[in-house]
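Student: After the structure tokens below, expect a handful of questions from me.
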Amino acid sequence: MRFVIVTVIALGLGGLLFWGLFKEDTARQSALVDKPAPMFDIPTLKPYQAQYGERIKLEDFIGKSPVVVNFWASWCPPCRVEAPMLEATWKEYQDRLQFIGVDFQDPEQAALDFIAEFGLSFPSGADPQGRIGIDFGTYGLPETFFIDLKGNVLARHVGAINATQLRQHLDDLLAQTGPTASVQP
């Protein structure tokens, strides 16, 4: 009888472990949700310097527009999947919010090649040592953070984000700016 009880418990725990490893949980909670986003000041990658200056400072955007911070790298396959959709969304909504890319632990030329390959027009800065990623609590790429006008993290998305997920987060984010702001499909 003891063997049966131990076996049932072991199978139950094993099942929970298996389920936890393979369930899709892209909207993982972050200790930052509903708290101020870590401010950062990073070197702007060359294609964006004429428009955004030598440095991208998150604090420069707080209070002016909601901000979407996307951590990416050229060596990250899911980053390649989401890049075209992020660019299309940025072009559509750049008058209502700001996207900022944070290139995570990438050689500069690889980052520049990635930007050129996908025609990314939203600004990106370099985080070669991954310090900004550590401040945000990232543990995989890509990760996207949605920051409201007050500088608080509204949501975090882990993994490649799809258009439906992005629009839902943007609806929530833009709803924070006033009653007329919303993302239309």
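The values are calculated or read from the model by the stated rules, or taken from the named source; none is laboratory data. Note that the structure is a prediction, hence the values are computed from the model and not measured. Virtual Cβ from ideal backbone geometry, glycine too; neighbours counted across all protein chains shown.
Student: Quick check on Lys57: is it more than 22 Å from His169 (Cα to Cα), surrounded by fewer than 20 Cβ atoms within 10 Å (Cβ to Cβ) and of a type in the set (Lys, Arg)?
Tutor: yes
Student: If Val33 satisfies every condition in (1) surrounded by fewer than 19 Cβ atoms within 10 Å (Cβ to Cβ); (2) free of Cβ contacts under 8 Å to residues at least 40 places away in the same chain; (3) under 17 Å from Leu173 (Cβ atoms) but one, which is the exception?
Tutor: (2)
Student: While we're here: Taking the condition modelled with pLDDT of 95 or more, touching a Lys or Arg at 6+ places or on another chain (Cβ under 7 Å), surrounded by 11 or more Cβ atoms within 10 Å (Cβ to Cβ) and more than 24 Å from Thr177 (Cα to Cα), does Asp113 pass?
Tutor: no
Student: What number of residues within the range 77-132 satisfy the criterion of being without any contact (Cβ under 8 Å) to a residue 24 or more places away in the chain and touching a helix residue (DSSP H, G or I) at 6+ places or on another chain (Cβ under 6 Å)?
Tutor: 0
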